[in-house]
Amino acid sequence: ISIAFGDFQIYDFTLKYNLENKNLFPISTEIALPPTTNYQDILIDNISPKPVNVRVDSDGNWLAKYILSSSKKLSIDVTGKAKVYLKPKPETLDKEKAKEYLKPKTYWEVDNPKIKELAKELKTPYEIYKYVVKTLNYDFSRVETSSPRLGALQSLQNPNSAVCLEFTDLFIAIARAAGIPAREVDGYAYTNNANDRPLSFVKDILHAWPQYYDFDKNTWIMIDPTWGNTTGGIDYFNTLDFDHIAFIIKGQDSSYPVPAGGYKLSSNQNTKDVNVEIGQSFEEEKTNLKTEILINESALAGFPLEGYVKISNPGKAIIGGKEILVSTNRLSPKQQLVYSKEIPPYGYQLINLSFKRSPFLT
């Protein structure tokens, strides 16, 4: 029996990311922060040290950029809150982008004849879920040995040696072959019984589960075939729970980005870098965008003038796309609309400004 009470659950999290540049020249690198999704809202209270920027990728991940100088090590601390919902919010996926979630990738062998055959037979997300739950068996011994990821095809060949990644990979591969957009979610899953609801991903013992897109409900749906198998039949298809916090989403790439807990140096492989606790409050605040005009103080008359609007998010929550009016007394056009995309906390965007050439006597 599984019981979920209420509309949401609040968590507090503290995450540590360890980076190292072993090269003789500076490098640019990124860490993945827990993102706001259709199942959760995220507040980032603090990132220390602050990143150069934070961007949103095509899967909705929040990627914080850092520049590491030669032979430098950097430890990054992130604190924040998550508000996890039982029911997903609507999230439109257009037909063109949906095609990206049908493609074969490493570990998702969509074009393999065996996978295609299963897709023709199973057809619906629920039938695929039931097949994966019934076919694979969870191998607790692999949790301790850090065994390599098998992928969908190898999991069919070794059905008794599966952990959460194999349950996830097999569902995604069959779903994509059946024309159902599907992708992977990696993150933290709260469990008080590791035998019934095991965790088995990276050193901090995180979890992986799949999601598929439902065009009738107009949203991504998260499911957990791993726990459907290990709990002896509890339904993790029609309703999930409050216990799954997404750290990253893998759809365009089956191996990137890396979730919190996966940023360890060779000298600290056994440290605990992910700490999640039940929270009490989730203080949402209205954040105003910070805007700057980045343009030269002087310019040559008779030539076009180029510049930027810098749009920054100084708050704790993500801010949706905005329409911004830029006006001027002397240049042409006197008014122009520019548009920003979603900006996560600690992030900014540069939007091009372009003015026509002015008379030579200006």
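The values are calculated or read from the model by the stated rules, or taken from the named source; none is laboratory data. Quantities reported herein were computed from a predicted structural model and do not represent experimental measurements. Neighbour counts run over all protein chains shown; Cβ positions are idealised from the backbone, glycine included. In case anyone asks, the SASA skips ligands and DNA or RNA and just uses the protein heavy atoms, side chains included. Shrake-Rupley method; radii C 1.70, N 1.55, O 1.52, S 1.80 Å.
Observations
- Sites Thr106 and Asn137 - FRET efficiency at Förster radius 25 Å, r taken between beta-carbons, to 0.05: 0.60
- Degrees, to the nearest 10: 125-135 long Cα axis against longest axis of the chain: 50
- Order by protection proxy (mean Cβ within 10 Å, highest first), peptides 24-36, 62-74: 24-36, 62-74
- Reach of Lys22 by Cα under 29 Å, taken over lysines that are not fewer than 8 positions away in the same chain: Lys50, Lys65, Lys72, Lys73, Lys203, Lys250, Lys264, Lys272
- Normalised by the number of residues in the chain, the mean separation of alpha-carbon contacts (under 8 Å, six or more apart) gives a relative contact order of 20 percent.
- When only the Cβ of Lys, Arg, Asp and Glu is charged (+1, +1, -1, -1), the dipole of the chain relative to its Cα centre reaches about 1140 debye.
- Of the residues Ser70, Pro181, Asn270, the one whose Cα sits farthest toward the positive end of the charge dipole of the chain, with +1 on the Cβ of Lys and Arg and -1 on the Cβ of Asp and Glu, is Ser70.
- For the chain, built as a Gaussian network whose Cα springs stay under 10 Å, the top-fluctuating residue of Ala189, Ala177, Ala301: Ala301
- Rounded to whole Hz, the Karplus (6.51, -1.76, 1.60) HN-Hα couplings of region 6-13, x for glycine and proline: x, 9, 7, 9, 9, 10, 9, 9
- Distance from region 121-136 to region 75-110 (C-alpha centre basis), Å: 21
- Taking Cα atoms only, the orientation of helix 113-122 departs from the longest principal axis of the chain by about 80 degrees.
- Burial ranking of peptide ranges 80-93, 122-135 (average Cβ count within 10 Å, highest at the top): 122-135, 80-93
- Residue ranking by accessible heavy-atom surface, 1.4 Å probe, largest first, among Lys22, Lys99, Lys250 comes out as Lys22, Lys99, Lys250.
- The accessible-area ordering, largest first, of the residues Glu342, Glu20 stands as Glu342, Glu20, per a 1.4 angstrom probe.
- Cβ-defined net charge surrounding Phe282, 13 Å radius [Lys, Arg +1; Asp, Glu -1]: -4
- The tail of the calculated P(r) for region 197-271 beyond 16 Å holds 59 percent of all Cα-Cα pairs.
- Of the Cα atoms belonging to region 107-170, the radius of gyration and Dmax stand at 11.7, 36 Å.
- Sorting the segments 107-115, 275-283, 217-225, 349-357 by their residues' average number of neighbouring beta-carbon atoms within 10 angstrom, most packed first, yields 217-225, 107-115, 349-357, 275-283.
- The Cα atoms of region 1-128 define a convex hull whose projected area, averaged across directions, is 12.3 nm².
- Counting all C-alpha pairs of the chain, share separated by more than 28 Å (%): 50
- Under-5 Å amide H pairs with Asn46, H placed in peptide plane, nonlocal only: Thr79
- Of the Cα atoms belonging to region 46-187, the radius of gyration and Dmax stand at 18.7, 54 Å.
- With contacts taken as Cα pairs under 8 Å at a separation of at least 6 residues, region 267-359 carries a relative contact order of 30 percent.
- Once the 1.4 Å probe is applied to the protein heavy atoms, the chain comes out at 50 Å² accessible per residue.
- Most mobile listed residue (Phe303, Phe242, Phe13) in the chain, GNM with C-alpha springs under 10 Å: Phe303
- Region 273-362: C-alpha pair distances exceeding 23 Å, %: 42
- Label point of Asp235 set 7 angstrom out along Cα-Cβ; within region 86-129, amide nitrogens under 17 Å from it belong to 86-88, 125-129.
- Annotation: average projected area of region 148-232 is 6.2 square nanometres, based on the convex hull of Cα atoms across all directions.
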